[in-house]
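Structure, as structure tokens:
The values are calculated or read from the model by the stated rules, or taken from the named source; none is laboratory data. Being a predicted model, the structure only gives us computed values, none of them experimental. Glycine gets a Cβ as well: all are built from the backbone with ideal geometry, and neighbour counts include every protein chain shown. Protein only, heavy atoms only, side chains kept; ligands, DNA and RNA dropped before computing areas. Shrake-Rupley method; radii C 1.70, N 1.55, O 1.52, S 1.80 Å.
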Amino acid sequence: MADWKSSLFWYCLPLHSGVVEVGMDKILVLYSSRDGQTRKIVDAMLAETEGCEVVMQDLHSLPKCNLSKFKKVLIGASIRYGNFHPSLFSFIHAHHEQLEVANAAFFCVNLTARKPEKQTPQTNAYMKKFLRLSPWKPKTLGVFAGALQYSRYNWWQTRIIQLIMKITGGSTDTSKDLEFTDWEKVRGFARDFWSKR
């Protein structure tokens, strides 16, 4: 399995002859992850690629990219306290003209999507918020439930998230973390996007 821990890496396709050949298609993946779940989702999506050179960038580092060099561009972002990280929109505003002509997709990760009636781009409030605020309107959209990771939160974060969970009918039990991500849905989205012409 490829090591996705570096911010820049190449995904190589092993051939039956034992020779390793670098794929010609380049993919750019950008992500905004607060507690690691969005990055974990990205890793699962990349496991569905074959023979591609992949460049990965953390949006929080405010990267500048020439999107025309990439066959596909994938952007994923999480929600914290009802908001996206500011770096997401900074990147989009700086690159929206390139994004409009790129073969690009966007996905959002949030706990609201743990509810069946809020799991689609059409029904998820945070995807609607993204489309309202973003000058780029992606043609390919995905929504995935995240994880409730009390073990990673500080005291204040725990209290705030407990309040949000209480209001929305979620778990307030801080003794265990809960993962709501539908991994087959994640892999299906990835396969569809990677194969899209």
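Summary table
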| read-out | value |
| --- | --- |
| Normalised convex hull volume, segment 114-197, alpha-carbon set, Å³ per residue | 128 |
| Accessible surface ranking that places the most exposed of 195, 78 first, with a 1.4 angstrom probe | 195, 78 |
| Protection proxy ranking of 82-89, 36-43, 70-77 - average other beta-carbon atoms within 10 Å, highest first | 70-77, 36-43, 82-89 |
| Simple Cβ-charge dipole of the chain, Lys/Arg +1 and Asp/Glu -1, about Cα centre, in debye nearest 20 | 700 |
| Reachable aspartates and glutamates from residue 71, criterion Cα separation under 15 angstrom, eight or more residues apart if same chain | 25, 50, 53, 100, 192 |
| Proximal aspartates and glutamates to residue 176, defined as alpha-carbon separation beneath 18 angstrom and excluding residues fewer than eight positions away on the same chain | 35 |
| DSSP H segments from the chain that extend 15 Å or more along their own axis, Cα-based, with Kyte-Doolittle mean of -0.5 or above | 86-101, 155-168 |
| Exposure rank, largest accessible area first [97, 53, 179; 1.4 Å] | 97, 179, 53 |
| Shape category assigned to segment 135-182 from the gyration tensor of Cα positions, a/c cut at 1.5 | prolate |
| Euclidean distance of C-alpha centroids, segment 55-121 and segment 24-51, integer Å | 11 |
| Heavy-atom SASA rank of 136, 194 (probe 1.4 Å, accessible area, largest first) | 194, 136 |
| Among 131, 28, 148, residue whose mean-square fluctuation peaks in a GNM of the chain (springs only between Cα atoms under 10 Å) | 131 |
| With DNA, RNA and ligands ignored, accessible area of residue 34 (1.4 Å probe; Å², nearest 10) | 70 |
